[in-house]
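Notes follow the structure.
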Ligand SMILES: [Zn+2]
């Protein structure tokens, strides 16, 4: 297996990380050579213009023959939602390719208050970012690479740490180049909560008791990794201090996520706890997303399903808290959303302009999957666990496998229900979706000036 090495060298300045030097190596012969395709590439900007690759300079690019002449140009995207830049070599490469870049932390545009959190940002005492917007990599497709990431902390203060999604210090992991891009890293002088595979890391002290929240999260994490038969899993949470008021979002990568809080305070602890559970749950229910957003109904919907129901079934959250969550995630995000009849395929085009559209796949997928799960259980045909548990975010399912699953379990009606969900047909909740203590209540809501049917959930009165 070909070895990709990455060494991250953060350099301290002005009480934070001033820049990061990323040095990489890879065998030249392992880079697929196709006319018109660059040898190395990166996304320029993604997520509707919200997430740019940071300002950088190429410090060196060599192979066994010496300096490699190259030019930069735009290139066909390896990633649907992002225009990409390529580094095109001007002679054949030989031996081991080595390249290093110096990245500068992003300076946020005026008035910026946004996510996703994959951009490359420093804050007092440290810096974090995502491989997608920090690493320039060969385009090696789905080929697994032995990836070795390590840190050079020689220009950091005493006590500084460097942590990657998959561990601290020198870590080796077999990953495709896309999976290397979808990793998070965190470096600086940090606080932490670390127990039995769960790690939470933050620089300055937020206006909430992070360690206390991590204590509450820990048993749910334990319960979930047992539930999904993934007992060896590790999970890391990196906190980011946003220099704007509206914060509190999160962005997930395999086995890690990054979460924002506002430097101005006002953190809603209960909401943040929910976000933590949601993002942690992303580790397991996974489906390939060939065109950006195609699988959001599953990736987000199924994550909502388990992140809401497992803490309830496991006894960590009561019916009242769960009902609040259901009403927020299904009624609020989907049933009472003006885009509730918009087909899935039309959502990506509008979702970054109107965040209400972005929430549809979460609630729609959740209710659809809850319906399928309830029907399977009622018919004695198992549950959606059978489909979900064999996969995780590094080994995602495919939409075709889901089609095969519902066809095998539920026949034509299962297929029709799936197609209806994709087409945006209103999903009517099955009875007794969430156990004996939670009742489904029909109601009416006004959407675009029209009264329409909706549902919410209540705790059963004893
Ligand atoms: Zn999510």
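The values are calculated or read from the model by the stated rules, or taken from the named source; none is laboratory data. Computed from a prediction, not measured in an experiment: that's the story for all the values here. Positions of Cβ are generated from backbone atoms using ideal geometry, with glycine treated the same way; all protein chains shown enter the neighbour counts.
Structure notes:
- Test result for residue 224, within 16 Å of the ligand (Cβ to nearest atom) and not assigned by TED's automatic domain parsing to the domain that holds residue 314: yes
- Checking the stated criteria, residue 376 turns out not to satisfy the condition of being part of a loop (DSSP other than H, G, I, E, B), in the same structural domain as residue 450 (by TED's automatic domain parsing) and more than 21 Å from the chain's Cα centre (by Cα).
- Test: residue 130 is within 30 Å of residue 262 (Cα to Cα), within 21 Å of the chain's Cα centre (by Cα) and surrounded by 14 or more Cβ atoms within 10 Å (Cβ to Cβ): yes
- Selection count, the stretch 242-273, where residues are assigned to a strand (DSSP E or B), more than 16 Å from the ligand (Cβ to nearest atom) and farther than 12 Å from residue 208 by Cα: 1
- For residue 301, the requirement of being crowded, with 16+ Cβ neighbours inside 10 Å, in a helix (DSSP H, G or I) and within 15 Å of the ligand (Cβ to nearest atom) is met.
- Qualifying residue in the stretch 275-287 (condition: touching a strand residue (DSSP E or B) at 6+ places or on another chain (Cβ under 9 Å), modelled with pLDDT under 90, surrounded by fewer than 16 Cβ atoms within 10 Å (Cβ to Cβ) and outside any helix (DSSP H, G or I)): no
- Matching residues, the stretch 257-296, being under 26 Å from residue 222 (Cα atoms) and over 14 Å from the mean Cα position of the chain (by Cα): 261, 267, 268, 269, 270, 271, 272, 273, 274
- Matching entry among 90, 44 (being assigned by TED's automatic domain parsing to the domain that holds residue 177, under 25 Å from residue 9 (Cα atoms) and in contact (Cβ under 8 Å) with a residue 12 or more places away in the chain): 44
- Some residue of the stretch 354-366 being surrounded by fewer than 19 Cβ atoms within 10 Å (Cβ to Cβ), modelled with pLDDT under 95 and either part of a loop (DSSP other than H, G, I, E, B) or within 13 Å of the ligand (Cβ to nearest atom) (or both): yes
- Condition check for residue 349: buried (at least 19 other Cβ atoms within 10 Å of the Cβ) and farther than 30 Å from residue 175 by Cβ: no
- Of the strands (runs of 3 or more DSSP E) contained entirely in the stretch 142-193, those carrying at least 1 residues that are in the same structural domain as residue 120 (by TED's automatic domain parsing), surrounded by fewer than 20 Cβ atoms within 10 Å (Cβ to Cβ) and in contact (Cβ under 8 Å) with a residue 12 or more places away in the chain fall at 145-151, 161-164, 171-175.
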